[in-house]
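Trainee: Sharing a structure below in C-alpha cells format, with a few things to ask.
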Amino acid sequence: MSNQKTFMGPSATTHVIRIMRSMIPLAHSWCAYSVFLWCLLISPALPAQGYQNTGAIAWSGDYLWVGSMDGVVRLNVNDGSLRRLRESDGLVSAPVFSIIATPAGVLWFATPEGISRHDETGWRSYTASNGLVSSKVNSIAMDASGSLWVATEGGISRYDGSGWESYTEADGLVLNNVRDVITDRTGAVWFLAESGLVRFDGATWTSYSLQNTPITGYVRLRGIDANGVRWFGDEFAVYRFDGAQWTTFALGSKGDDFTMVFSLKCDAEGNAWAGMAGLFGSLLRYDGEVWGYPCPSLGNVYAITIDANDGKWIDADGCLAHVDQEGCSRFEYPVDIRGSVYRNIATDDMGRVWTVYDDGVIMFDHGTWTNFPYDSLTRVEIVQSGNSGLVIFPSFPNPFNSSASIRFATPTAGAVTLAIYNTAGQKVRSITREVPSAGTHAFVWDGRDDHGDLVSSGMYLSRLQGNNMSVYGRMLFLK
C-alpha cells in the first residue's frame with residue numbers, strides 16, 4: 001500500500017511513508033477552497049475525564065455554546081432560541097477558538113487576546129494584566145484536577161481555582177512560545193513549542209527536543225493515543241513519535257492532486273483517524289501498521305469526533321457518517337451544507353451528534369434530525385447593527401503563493417482593520433489603514449505574519465472590521 005524510505009537520525013529512527021494516490025477513492029466533490037475549519041485542528045483528542053473540551057463547541061445545562069470568528073452563539077436546546085455574545089457582553093475578544101465547560105457550570109472561552117470565564121455570577125476576563133503570562137493565547141486545556149492550563153506566546157499559565165501561576169523558560173520550558181496544550185489519559189499535561197515537547201505529571205517537568213526530527217515548519221500536537229504515542233501534524237503531513245522512532249505520513253499534497261489533512265483524532269484502541277479533503281478526499285485509519293479506508297467513497301472529510309462508546313462520527317460531503325465495530329453507516333443531512341465556510345462536529349453525553357455549519361446547528365438524535373438555523377439570529381443582528389454596508393470581495397488570486405489582493409467596499413471614510421487568522425484560530429497578521437473616502441479599496445497580504453516571517457501553507461481566514469461591522473473572507477496560501 002505504501003512506499004517506504006528509512007533513514008537514521010542522531011537520536012531516533014525516522015520513517016517516511018507516502019500514500020499512493022492511485023489507492024485513494026476519488027472524492028464526490030472538491031470544495032476545500034470553500035472550507036475553513038475554525039478549531040478542528042486544535043481540539044484535544046483525549047480530554048480530561050469529566051470536562052467537555054471539544055474545541056469551539058461545549059454544553060452547559062440546557063445550552064449549547066458555539067465559538068466563531070464573531071463571538072459565541074448560545075443555543076437553548078429546549079426551545080431553539082439563539083443569542084450571539086461579543087465583547088460588549090463580556091468576552092475579552094470576539095474570535096472564540098476553544099471552549100471548556102466544567103461539571104459545575106463554569107465556561108472558559110479562549111480568544112487570541114486572552115480568556116474569559118462565565119458562570120452564574122457573570123463574566124470575568126484574564127489577560128497579561130491580571131493573571132496570564134501573556135495575552136496572546138494559543139491553546140487551553142483542563143486537567144483531571146480541574147486546573148485550567150493556558151498556552152501563550154510568553155509561556156504557560158495555570159489557574160487552580162484560587163489564583164494563577166505561570167511557567168516560562170526559566171522554569172524549564174524549551175521555549176516561551178507554547179503552541180499547544182493537551183492532557184492524556186494518565187492525567188499528564190503536554191505542551192508543544194517550536195523546538196520541543198514538554199510533559200508535566202503534576203510534579204516533574206520532562207522535555208523532549210524536536211531538533212533532528214522530520215518536523216519542519218509550523219505543526220501542532222494533535223493528540224496522544226492510548227499507547228502514549230504522540231501525534232503531530234500540519235495541513236499536509238502527519239508525524240508519529242513513540243518515544244524512540246519518528247514516522248512521517250505524507251498524506252496530503254500541494255500539487256495538482258491537492259489534498260489537505262483537515263482533522264486527526266486518536267481513539268481508545270490506539271488507532272489514528274485522519275480526515276482528508278481535496279482531490280482525494282477520504283477517511284483514513286491507521287491501525288499501527290497501515291492506513292486503511294474504513295468508509296470507502298465517503299468524499300471530503302471535514303471533521304471527526306469520538307463518542308463515549310469509542311464510535312467515530314464523521315462530517316463529510318453531504319452526510320454524517322458513523323464508524324464502529326459493525327462497519328460504516330451514512331446519514332444524509334436534512335439541509336445542504338456543502339460549501340459551508342465553517343464546519344465542526346461534536347457529541348454530547350446523551351449520544352446526540354451536533355454539526356455546526358455557516359447557517360446554523362444540526363442535531364442528530366438516534367435517527368432524528370433537528371435543524372436550528374441562524375435565520376432569526378441574523379435578522380436581529382442586521383437590525384441592531386443598522387447594516388452599515390461594509391463588503392469584502394473574494395481575494396485574488398486564490399490560491400496564492402506571493403501576495404493576495406483583498407478588495408472591500410465601505411460606505412464611509414475612516415479606519416478599517418484587516419486581521420488574518422490561521423486554522424488554529426491564531427491571529428497571524430493585522431493591518432490597519434485610514435481610507436480617505438467611501439468606495440472600493442484594497443489590502444494586499446504578502447503571506448507574512450506580524451514578525452515578517454512567511455506563514456505556512458494552508459487555509460486562512462480574513463476578518464475585516466470597520467464602521468462598527470465585521471465581514472469575513474478566506475484564502476489559500478501555497479508556498
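The values are calculated or read from the model by the stated rules, or taken from the named source; none is laboratory data. Predicted model, so just to flag it, every value in this text is computed and none were measured. Cβ sites come from the backbone with ideal geometry, for glycine too, and all protein chains shown count toward neighbours. When the accessible area is computed, the model is the full protein with side chains, heavy atoms only, and any ligands, DNA or RNA have been set aside. Shrake-Rupley method; radii C 1.70, N 1.55, O 1.52, S 1.80 Å.
Trainee: Do we find a residue being crowded, with 21+ Cβ neighbours inside 10 Å, modelled with pLDDT of 80 or more and not small (Gly, Ala, Ser) anywhere in segment 205-225?
Mentor: The answer is yes; a qualifying residue exists.
Trainee: Taking segment 118-130 as the search range and keeping residues that are buried (at least 18 other Cβ atoms within 10 Å of the Cβ) and of a type outside the set (S, T, N, Q), which one is farthest from Ala58 (Cα to Cα)?
Mentor: Taking the candidates together, the pick is Tyr126.
Trainee: Which one of Ile345, Ile314, Ile362 is hydrophobic (A, V, I, L, M, F, W, C), farther than 23 Å from Asp267 by Cα and open to solvent by less than 50 Å² (accessible area, probe 1.4 Å)?
Mentor: One residue alone meets the criteria, Ile362.
Trainee: Among the residues of segment 427-455, write down those that are touching a residue at least 40 places away in the same chain (Cβ under 8 Å) and open to solvent by less than 20 Å² (accessible area, probe 1.4 Å).
Mentor: Scanning segment 427-455 gives Trp445, Gly447, Val455.
Trainee: Give the residue, chosen from Trp65, Trp59, Trp108, that is farther than 29 Å from Asp234 by Cβ, surrounded by 16 or more Cβ atoms within 10 Å (Cβ to Cβ) and modelled with pLDDT of 80 or more.
Mentor: Trp59
Trainee: Also: If I ask for residues that are surrounded by fewer than 21 Cβ atoms within 10 Å (Cβ to Cβ) and either assigned to a strand (DSSP E or B) or touching a Ser or Thr at 6+ places or on another chain (Cβ under 7 Å) (or both), which ones from segment 69-81 would you list?
Mentor: Asp70, Arg74, Asn76
Trainee: Within segment 235-256, identify whether any single residue is out of contact with any Cys (no Cβ under 7 Å at 6 or more places or on another chain) and on the phi > 0 side of the Ramachandran plot, and answer yes or no.
Mentor: Yes - at least one qualifying residue is present in segment 235-256.
Trainee: Take the residues of segment 404-440 that are of a type in the set (S, T, N, Q), closer than 29 Å to Ser135 by Cα and in a loop (DSSP other than H, G, I, E, B): which is modelled with the lowest pLDDT?
Mentor: Thr423
Trainee: I'd like to check something: does segment 228-249 contain any residue that is part of a strand (DSSP E or B), touching a residue at least 60 places away in the same chain (Cβ under 8 Å), exposed (fewer than 15 other Cβ atoms within 10 Å of the Cβ) and not small (Gly, Ala, Ser)?
Mentor: Looking for residues that are part of a strand (DSSP E or B), touching a residue at least 60 places away in the same chain (Cβ under 8 Å), exposed (fewer than 15 other Cβ atoms within 10 Å of the Cβ) and not small (Gly, Ala, Ser), one finds at least one in segment 228-249, hence yes.
Trainee: While we're here: Among the residues of segment 387-408 satisfying the criterion of being open to solvent by less than 20 Å² (accessible area, probe 1.4 Å) and in contact with a Leu (Cβ under 8 Å, 6 or more places away or on another chain), which is nearest to Asn468 (Cα to Cα)?
Mentor: Per the stated criteria, the residue is Leu390.
Trainee: List every residue pair whose Cβ atoms sit under 9 Å apart, with the two residues 6 or more apart in sequence or on different chains, where the first one lies in segment 299-317 and is on the phi > 0 side of the Ramachandran plot and the second, anywhere, is modelled with pLDDT under 90 and among the hydroxyl-bearing types (Ser, Thr, Tyr).
Mentor: Note: pairs meeting the criteria are Gly299/Ser29.
Trainee: Would you say Val335 is β-branched (Val, Ile, Thr), over 19 Å from Arg222 (Cα atoms) and in a strand (DSSP E or B)?
Mentor: So Val335 fails the test.
Trainee: What is the residue count in segment 456-479 for residues that are open to solvent by 50 Å² or more (accessible area, probe 1.4 Å), polar (S, T, N, Q) and assigned to a strand (DSSP E or B)?
Mentor: Residues in segment 456-479 being open to solvent by 50 Å² or more (accessible area, probe 1.4 Å), polar (S, T, N, Q) and assigned to a strand (DSSP E or B): 1 in total.
Trainee: Which residue, of Arg330, Arg343, is of a type in the set (D, E, K, R) and closer than 18 Å to Ser263 by Cα?
Mentor: On inspection, the qualifying residue turns out to be Arg343.
Trainee: Quick one: Arg179 ticks every box in (1) open to solvent by 40 Å² or more (accessible area, probe 1.4 Å); (2) touching a Leu at 6+ places or on another chain (Cβ under 6 Å) except a single one, so which number is it?
Mentor: Every condition holds for Arg179 apart from (1).
Trainee: Please enumerate the residues belonging to segment 337-365 that are under 18 Å from Val72 (Cβ atoms), of a type in the set (Phe, Trp, Tyr) and at pLDDT 85 or above.
Mentor: Trp354, Tyr357
Trainee: While we're here: Yes or no: Val174 open to solvent by 20 Å² or more (accessible area, probe 1.4 Å), within 28 Å of Gln211 (Cα to Cα) and of a type in the set (Val, Ile, Thr)?
Mentor: It is true that Val174 is open to solvent by 20 Å² or more (accessible area, probe 1.4 Å), within 28 Å of Gln211 (Cα to Cα) and of a type in the set (Val, Ile, Thr).
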